[in-house]
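Let me begin by presenting the structure, written as structure tokens, before commenting on it.
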Amino acid sequence: VNRGTGMHRQPYPEAVRRDLASDDPKSILAVRVTDSDGRVHPDTADLISDQIFGTNGDTLTMTSQLAACSYGKFNVTNEYPAGVSQLFSAPGVIDVQMNVPLSGTDRFDIGNAARYALEELLGFQLPGPFHNVMFIYESCYTDCGWAAYAYINHWMSCYVDGSHRFVGVQMHEIGHNLNLAHSGGLDGIDEYSDHSCHMGDASPFGNNQGAMCYNPAKSFQLARGGNGWYSENAHDSLVWNPRDGTQWSGTIIGIADYNDNPNARPVVVKIESDGPDDLFVGFNRAAGINRDVVDARDKVTVVEAGNDGLGFAQSYTKAVLSQGEYYHVANWRGSGIELIIHVNQINLEANPGYADVIMWAQVEQTNSPSLTPTHHPTSNPTREGVCGNDMCEFGENAFNCARDCSRNEIVTTFDFNRKSNGNMFMIKALCDLEITSLSINTSLQGVSGLVKVFTREGSYSGFDRSGDGWKIIFSSVVNQLGRGRPTNLGTLLTRVSISSGSRQSFYVLAEDELVYKTGSQEFDTFTSDSCIEIYEGSGIRGEFGSKISPRVWSGIIQYDVKNIITLETTYAYDSGSNGNFFTVKALSDIEIISFCINSMTYGDGAVKVYSRDGFYSGYEHSNVGWELIYDNVSTQLGGRGQPTVLDMVDMLRLSRGEYQSFYVWAERKLVYKRGSIEGTPFVSDESLIIYEGIAVNDPKDSWKTFRRYSPRVWSGSIIYKAAS
């Protein structure tokens, strides 16, 4: 663990790497160093021996965890030739005194002095019979900011201030000796921030924790990169090379269940990019040898790493997926192929627990028939027929084109535990809109079957056994994509217009059956956004047959909102922090419906939006006079470059000529652009101006002490309509 200089990345002179692929025990030596001023760490040699080797009853140590995570491929021993053992102060621990002081000496001179003192005592050059040597110092006095460091693909590591006590630190530094680089998290910036892997920051662990292994990219490297961990059987770490129209589906188990795998399920799936940077998919099962994992517990993680996954390479987490969630990569490898990863099911009750994952590749829809475009003006118009042209077209949805469709789709769920021929459900319009298409969750995959969609005004209650009063809006044979994957119906025969405040019922019927989930109470609200509420409904056997309720329809409603305008600043970015202040001016009477933000990371996170009349200048350090208009601790963040929609409860009215300021704050940070001059217009249309503002670094939303960056351009969109 080395915060600051990063010097441990440099290989030590005369770097010698031991035979890592051998199953022979690995001899590790701990060295307690006393400096020329008599400074030595207060832990006794016996205590250090117990903390590293478990010689006096410590059951969770580096020794036990390396053996566990490698499944017996990296077994540590503190038994050495007799001439070495007689020098021990405790099993596996030697005391040496070096001839330089810790204070005023840089760490490289300290390392050399400690090494030479040990070599003089032993009578031979290091590493000798040792696989790894761990030097333990009292503290750091010069060039500090680190707790421990190690040399890459080498035998030497060093520890200060008691960091040798922590399993997480030991596993991290020995990981560097094993040629492992750091593991970064979803922020894509901090190289240590993946807390699902020992190559991230070990600070979350106490000295009685650390039962955790490594992320999928590191596990792949340990299996296939020359370390000899696990095996190279296809069911341990397999490789999928996506091509257009291909898919991989199967169940993935966690590293904790590697030895409990009767069905030969993979632990890691590498998605081959035909370049050095690949994706690695794994199931982060929080149990057994991985029970102390901090991040992404019992979730599927998608990790990117270079060097083909075989050598030293920084990794970053790209996605953490719960059951039912998707991760989408547009233009995979620059080939025009979309790569989609979907977690169909996570089953923790099975033995072993597993994640059912589907991954597929498809060519982006660029020439499909277009639905009527929504009124989303842009200051930089793009080509028609591609994702990013502000039209949610046939073949696009919230998963494969969030920029165009995140405002035009609402998803119920793609979880399921029941099936029948149809679903009836009701929605309520919260604004004037038109239903343009549906996506459904079919029971069968790869077959074509007849699908019909009916609709009627108001509730379906009392009208579920007869077609009277129902209007058919879709009837066609559909190629079905199967459970957990949205099957889009395309253009409806007739768009369904619904006025704000009105209710509309739908009946979706499939001859090959739909899948869906049980509900809580028929006609209770299941999900909503700023324009639609979807209620729990019923399952229907046959066409207008018997009803089973409550049931939750599984699918997506695509819709256009009438008279809604989106004014976008930019989704380009070159900086990031927790918040942005900016001001707008209304050029006509408008009502702000919502905002889209540009989050630094993907996943759940707290987001707040404050508003006040006039300008923010002079009011940045107190929330007095500010109104909190959006507050959600678990906003679904889309990540950098992907608009994250904030569905506000109430609209904000601005009168013509009125100035209004906003403070957008995100716990997991926003990204944005540097500006030109604070307070100058950045973008406008006929009804609204958005001005350049500032950014602040305020991790706790404290409004008290933070760094101010100016000028900055808030990255996002304001969604509004003409005031009624």
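The values are calculated or read from the model by the stated rules, or taken from the named source; none is laboratory data. These numbers come from a predicted model, not from an experiment. Cβ atoms come from the backbone with ideal geometry, glycine included; neighbour counts cover every protein chain shown. SASA here: full protein model, heavy atoms, side chains in, ligands and nucleic acids out. Shrake-Rupley method; radii C 1.70, N 1.55, O 1.52, S 1.80 Å.
Things worth noting here:
- Cα centroid of the stretch 307-353 to Cα centroid of the stretch 439-518, whole Å: 31 Å
- Computed over neighbours whose Cβ is under 11 Å from that of residue 517, the net charge equals +1, Lys and Arg +1, Asp and Glu -1.
- The candidates 53, 615, 595, arranged from most to least accessible area with a 1.4 Å probe in the full protein assembly, appear as 615, 53, 595.
- For the stretch 672-724, the square roots a ≥ b ≥ c of the C-alpha gyration tensor eigenvalues yield an a/c of 1.5 or more together with a/b not exceeding b/c, which makes the shape oblate.
- A straight Cα-to-Cα reach below 22 Å connects residue 669 with the lysines 318, 608, 700, 704, residues fewer than 8 places away in its own chain not being considered.
- Counted by Cβ distance under 14 Å from residue 624, the other residues give a net charge of -1, where Lys and Arg count +1 and Asp and Glu count -1.
- The phi torsions of the stretch 546-554, fed into the Karplus equation with coefficients 6.51, -1.76 and 1.60 and a -60° offset, translate into couplings of 5, 9, 10, 9, x, 9, 10, 4, 9 Hz, rounded to whole numbers, with Gly and Pro shown as x.
- Value at 222 nm in deg cm²/dmol, rounded to 500, when DSSP H runs of n ≥ 4 in the chain each add -39,500 (n - 2.57): -2500 deg cm²/dmol
- Heavy atoms of residue 523: accessible area, 1.4 Å probe, square angstrom to 10: 70 Å²
- Listed by chain and number, the lysines whose alpha-carbon sits under 18 Å from that of residue 562, ignoring those within fewer than 8 places in the same chain, are 428, 721.
- Rounded to the nearest 20 debye, the dipole size of the chain about its Cα centre is 1080 debye, using +1 on the Cβ of Lys and Arg and -1 on the Cβ of Asp and Glu.
- The residues packed around residue 569, meaning those with a beta-carbon under 10 Å from its beta-carbon, carry a net charge of -1 if Lys and Arg are +1 and Asp and Glu are -1.
- Simple rule: put +1 on each Lys or Arg Cβ and -1 on each Asp or Glu Cβ in the chain, find the dipole, and look at 42, 125, 672; the Cα lying farthest toward the positive end is 672.
- Point-to-point label distance, residue 574-residue 503, nm (Cα→Cβ direction, 7 Å offset): 5.4 nm
- Heavy atoms of residue 630 accessible to a 1.4 Å probe, total area in Å² rounded to 10: 20 Å²
- Kirkwood Rh, angstrom, the chain [1 / mean 1/r, Cα pairs]: 28.5 Å
- Across all Cα pairs in the stretch 554-617, the calculated P(r) in 10 Å bins from zero up to the longest distance comes to 11, 40, 36, 12, 1 percent per bin.
- Antiparallel beta bridges, as assigned by DSSP with both residues in the stretch 44-188, represent about 50 percent of the total such bridges.
- Solvent-accessible surface of the chain, taken per residue with a 1.4 Å probe and all protein chains present: 38 Å².
- Considering only the chain, percent of DSSP beta bridges that pair antiparallel, nearest 5: 90 percent
- Nearest-ten-degree value, helix 167-177 long axis tilted from longest Cα axis of the chain: 80 degrees
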